[in-house]
Amino acid sequence: MDRVNVLFVTLDEFRADCLSIAGHPVVSTPTLDRLAAEGVRFASHYSQAAPCAPGRASLYTGMYQMNHRVVANGAPLEDRFDNVARLARRAGYAPALFGYTDQGVDPSIVPDASDPRLDTYEGVLPGFDAVLPLDGRFIGWLEWLEELGYGTLSAPEALRSEPDRPAEHSASAFLSDGLISWIDRQDGPWFAHASYLRPHFPYAAAGEFATRYPLEEVGQPIPPVPGLHPLYDFALGNGLLRAPEDPIEMAQLRAQYLGMVSEVDHQLGRVVEYLRSAGTLDDTLVLVTSDHGEQLGDHGLVWKLGFFEESYRIPCIVRHPGRPVQVGRVVTEYTEGIDILPTLAELLGQEVPTQCDGSSLVPFLDGSTPQRWRSAAHYEWDWRDIRMGPTRTSGGPDAKLERYNLAVERTDTHAYVHFSDSSWLCFDLAADPTWRTVTTDPEVVLPLAQSMLTWRSTHLGGIYTQRLLGPERRGLWPELENA
């Protein structure tokens with residue numbers, strides 16, 4: 001097959017269990033369902049970090065947070081790292097961005113301290129052409145809404161009032177309109193990153209999707225269990241992170257989230273159906289995923305944070321026109337966001353960057369399962385930014401920012417959470433898949449703690465650790481390259 005088009009899609013804060021094909025009893029996602037039926041769905045796929053900037057840093061670089069060190073919204077991404085846009089350029093594309101990437105500039109490449117790029121984490125990932133930039137200001141969309149007669153709105157006002165306007169005027173519709181128009185003008189293979197905000201907060205679905213799901217049908221969240229850990233209790237006591245206690249208010253929040261899920265599915269569907277009607281869908285690699293999930297009231301929390309997997313288990317669907325034999329396959333092995341960059345590298349005929357902690361998913365697309373594939377999923381959360389504001393305390397051991405992070409190892413039967421203050425939790429998922437039952441059995445906990453230590457030691461960062469200087473230019477032996 002000649003060089004294909006690439007449509008790389010991210011849906012922000014999209015939980016894996018909010019796909020109708022994944023068994024959700026209410027929600028409708030016909031676009032994603034059809035892409036999965038025509039491709040491969042990875043049913044146990046996990047983000048590496050939350051919130052947006054850390055999760056996207058792992059997605060774009062193929063690296064765990066402990067290596068790229070984007071620890072918060074506002075933490076810069078080092079320019080020395082390779083990324084998905086630079087990979088696409090090496091493959092001969094001019095990668096176009098529709099939406100946002102939430103990556104702060106590396107201060108070491110900015111000579112002027114007054115450079116406005118140093119004032120925001122909502123920068124563009126190096127290598128992308130920002131054809132339709134839609135960061136948190138949503139400038140293009142707001143100007144369009146004003147032309148349509150909605151007056152002068154701020155971005156928060158426009159997003160919160162989406163239920164009051166037709167879905168044809170939503171932020172997601174605006175992105176799809178721009179993407180379709182751009183594709184229509186291309187005369188050769190293209191690479192587009194469509195980065196949709198929805199179903200991101202604020203919880204306000206566009207147009208008719210705001211009333212799509214009756215409150216009595218959206219389901220009940222998993223109840224909280226206070227006292228599991230001081231960090232969890234802190235989150236439960238935070239007004240921004242605590243889920244509404246009123247059942248009606250909670251149901252309204254969940255109904256709006258599901259409405260946003262269906263609306264963004266619809267708007268992405270317009271792009272897919274345009275490609276189908278133009279006869280180019282079978283010349284296009286479509287990859288859909290998310291940066292992280294959303295608590296959605298589960299465990300008494302909203303937004304994305306902490307150690308529960310609702311914030312990290314996300315969808316991943318790959319529709320590759322060159323691999324039709326595997327259409328409809330559902331992969332249950334653990335896969336991660338760091339696997340996306342190696343996968344795109346192999347599909348585009350490029351070398352996998354040595355920085356990558358992930359592995360290519362192409363064997364799954366071809367119907368096999370790689371040898372020695374991971375038996376657990378891993379993700380991290382860092383909350384040092386809470387201690388870096390104007391109220392940060394000084395002095396004492398608790399002021400050390402490196403103490404404010406955690407890592408999770410999730411297996412088929414357990415989830416081990418290790419905190420950097422040396423505390424830990426171990427959830428017995430075989431007994432209780434809702435993450436509300438803790439075990440302290442040393443015969444269970446010790447092997448998981450040892451496994452996490454092995455995970456960390458085998459993924460220590462270092463682009464040049466597989467090369468030795470000298471006349472021989474020694475590197476990995478060929479038979480070890482895929483070990």
> What is the set of long-range amide H partners of E38 at a cut-off below 5 Å, with H atoms built 1.01 Å from backbone N?
Replying inline: G328
>> Restricting to Cα pairs below 8 Å that are 6+ residues apart, what does the relative contact order work out to for the chain? Please round to a whole percent.
In response: 23
>> For a quick check of your reading of the filter: which chymotrypsin sites (Phe, Trp or Tyr not before Pro) in region 200-281 sit in a DSSP loop and have no more than 16 other Cβ atoms within 10 Å?
In response: none
>> Could you give each residue of region 221-232 its phi-based ³J(HN,Hα) in whole Hz, using Karplus coefficients 6.51, -1.76, 1.60 with θ = phi - 60°, and x for Gly or Pro?
In response: x, 5, x, x, 10, x, x, 4, 6, x, 5, 5
> Taking 0.36 nm per intervening residue step and subtracting the Cα-Cα distance, what contour gain separates D421 from T354 on full extension?
Replying inline: 21.0 nm
> Using the beta-carbon distance between S277 and E217 and R0 = 51 Å, what value does 1/(1 + (r/R0)^6) give for FRET efficiency, to the nearest 0.05?
Replying inline: 0.95
>> Could you check the spin-label model distance between L153 and T458? Points 7 Å from the Cα along Cα→Cβ, value in nm.
In response: 5.0
>> Let me make sure I get this right: for region 77-197, a, b and c are the square roots of the gyration tensor eigenvalues over alpha carbons, sorted descending. Under 1.5 in a/c it's rounded, otherwise prolate if a/b > b/c, else oblate. Which is it?
In response: oblate
> Using a Förster distance of 35 Å, how high is the FRET efficiency between D441 and V330, based on the Cβ-Cβ distance and rounded to 0.05?
Replying inline: 0.60
> If V438, V444 are ordered by their accessible area, calculated over protein heavy atoms with a 1.4 Å probe, which sequence runs from highest to lowest?
Replying inline: V438, V444
> So what's the Cα pair-distance distribution over region 46-101, bin width 5 Å, in %?
Replying inline: 4, 20, 29, 23, 16, 8, 1
> What does the convex hull of the Cα atoms come to per residue for region 176-309, in Å³?
Replying inline: 128
>> Which of rounded, prolate or oblate describes region 1-58 when judged by the alpha-carbon gyration tensor and an a/c cut-off of 1.5?
In response: oblate
> For the residue pair R80 and E208, what label-to-label distance in nm results when each label sits 7 Å from Cα along the Cα-to-beta-carbon direction?
Replying inline: 5.5
>> Multiplying the sequence separation of D187 and S114 by 0.36 nm and subtracting their Cα-Cα distance, what value in nm do you get?
In response: 22.3 nm
> Roughly how many percent of the accessible protein surface of region 109-226 is carbon and sulfur, given a 1.4 Å probe and a whole-percent answer?
Replying inline: 53
> Can you give the % of DSSP beta bridges in the chain that are antiparallel, to the nearest 5?
Replying inline: 50
> Taking the Cα atoms of region 205-272 alone, what are Rg (to one decimal) and Dmax (as a whole number) in Å?
Replying inline: 15.4, 47
>> Probe of 1.4 angstrom, ligands and nucleic acids ignored: what's the accessible area per residue over the chain, in square angstrom?
In response: 43
>> Using all alpha carbons of the chain, what is the percent of pairwise distances in each 10 Å bin, ordered from the shortest bin to the longest?
In response: 4, 19, 31, 28, 14, 3, 0, 0
> Among L148, L59, L469, L241, what's the order by accessible area (1.4 angstrom probe), most exposed first?
Replying inline: L469, L148, L241, L59
> With every protein chain in place, what's the accessible area of M66 (1.4 Å probe, Å², nearest 10)?
Replying inline: 40
>> Between R403 and D432, how high is the FRET efficiency from 1/(1 + (r/R0)^6) when r is the Cβ-Cβ distance and R₀ = 22 Å? Nearest 0.05.
In response: 0.15
> How high is the relative contact order of region 68-155, given as a whole-number percent (alpha carbon pairs under 8 Å, six or more residues apart)?
Replying inline: 28
>> Could you give me D for region 279-350, from Stokes-Einstein at 37 °C and 0.692 mPa s, where the hydrodynamic radius is the Kirkwood radius over C-alpha pairs? Units µm² s⁻¹, please.
In response: 227
>> Suppose the chain between L469 and A130 were pulled fully straight at 0.36 nm per residue; how much longer would it get relative to their current alpha carbon spacing?
In response: 118.2 nm
>> Run through region 1-67 and list the trypsin sites (Lys or Arg not before Pro) located in a DSSP loop whose Cβ has at most 10 other Cβ atoms within 10 Å.
In response: none
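The values are calculated or read from the model by the stated rules, or taken from the named source; none is laboratory data. Model, not experiment: these values are computed from the prediction. For neighbour counting, all protein chains shown are included, and Cβ atoms are generated from backbone atoms with ideal geometry for every residue, glycine included. Note: areas computed on protein heavy atoms with side chains; ligands, DNA, RNA excluded. Shrake-Rupley method; radii C 1.70, N 1.55, O 1.52, S 1.80 Å.
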